[in-house]
Amino acid sequence: MVKKNACIFISGKGSNLKNLIGRSRDYNFPISVKLVVSDKRKALGILYAKKNSIPFLLINTKSRNYENKLLEYLKKYKISLICLAGYMKILSKKFLRDYGKKVINIHPSLLPKFKGLNTFYKVLKNKEKKTGCTVHYVDEKLDNGKIISQRSFYIDSTDNEEILKNKTQKLEYLAFPESIIKIFRKN
Ligand code: GRF
């Protein structure tokens with residue numbers, strides 16, 4: 001199968017990056033991870049890029065033209081899908097327009113509920129019965145674009161923020177790959 005080139009953006013641990021790199025080894029999985037971008041020099045996830053000999057780019061989001069530099073790299077590596085996997089910055093409307101291809105994000109709640117940070121605290125405070133994760137297209141608003149897929153579970157009375165996070169992440173490792181399969185099956 002001819003795979004699409006993907007770039008994964010991270011800011012931290014990179015467990016979704018690790019999972020996507022693993023999945024992309026499957027012959028039938030539609031993407032190959034060709035580039036990793038991090039806005040944090042110390043992001044642990046960079047290790048997975050190194051271990052797998054995937055080029056990575058550190059960006060300084062404080063520099064004025066960083067999005068242009070990013071666009072150059074995306075072009076150089078012929079990237080046709082960007083996956084935001086724990087990337088903590090917002091991409092500008094101009095960047096999204098100039099890039100012009102698919103950008104998706106994973107968020108640890110059942111959107112449109114609980115956009116932004118401190119998701120698990122908000123879920124518990126709101127006494128939700130269920131929670132989960134969402135993969136969605138990215139637009140210029142935070143955690144906002146069209147939903148591609150969601151996975152959910154019922155919350156136990158003993159679940160705390162840490163437990164919710166672990167349970168949610170397990171579902172993320174399913175939801176992200178299945179969304180990518182769904183995207184490329186459609187087109
Ligand atoms: C995930 O929980 C994702 O939903 C959120 O950031 C976290 C990233 O985790 N956007 P990791 O860096 O992939 O381990």
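Just so it is clear, none of the values below were taken in a lab; they were calculated from the coordinates. Just so it is clear, the model here is predicted, and its values are computed rather than measured. Virtual Cβ from ideal backbone geometry, glycine too; neighbours counted across all protein chains shown.
Worth a mention:
- Assigned charges on the beta-carbon of Lys, Arg, Asp, Glu; the stretch 63-151 dipole about Cα centre (debye): 140 debye
- Largest mean-square fluctuation among 148, 106, 90, in a Gaussian network model of the chain whose springs join Cα atoms under 10 Å apart, belongs to 90.
- Global geometry of the stretch 1-97, whether rounded, prolate or oblate, following the gyration tensor of its Cα atoms and the 1.5 cut on a/c: oblate
- Links that overshoot a 19 Å alpha carbon limit, given the list 42/89; 3/42; 18/62; 42/94; 89/182: 3/42; 18/62; 42/94; 89/182
- Gyration tensor (alpha-carbon) shape descriptor, the stretch 120-172, a/c threshold 1.5: prolate
- For the chain, the calculated P(r) over all alpha carbon pairs, in 5 Å bins from 0 to the bin holding the longest distance, is 1, 8, 17, 20, 21, 16, 10, 5, 2, 0 percent.
- Calculated FRET value between residue 88 and residue 44, using beta carbons and R₀ = 22 Å, to 0.05: 0.95
- Residue-span extension gain [residue 160 to residue 129] - 0.36 nm each, minus C-alpha spacing: 9.8 nm
- Peptides 176-183, 3-10, 151-158, 162-169 ordered by average Cβ neighbours within 10 Å, highest first: 3-10, 176-183, 162-169, 151-158
- Relative packing of 118-131, 58-71, which averages over residues the other C-beta atoms within 10 Å, highest first: 118-131, 58-71
- Neighbours of residue 74, meaning other residues whose beta-carbon lies under 12 angstrom from its beta-carbon, give a summed charge of +4 when Lys and Arg score +1 and Asp and Glu score -1.
- Computed FRET value (nearest 0.05) for residue 118 with residue 25, which takes r as the C-beta separation and R₀ as 35 Å: 0.50
- Modelled spin-label separation between residue 53 and residue 66, with each label point placed 7 Å from Cα along the Cα-to-Cβ direction: 3.0 nm.
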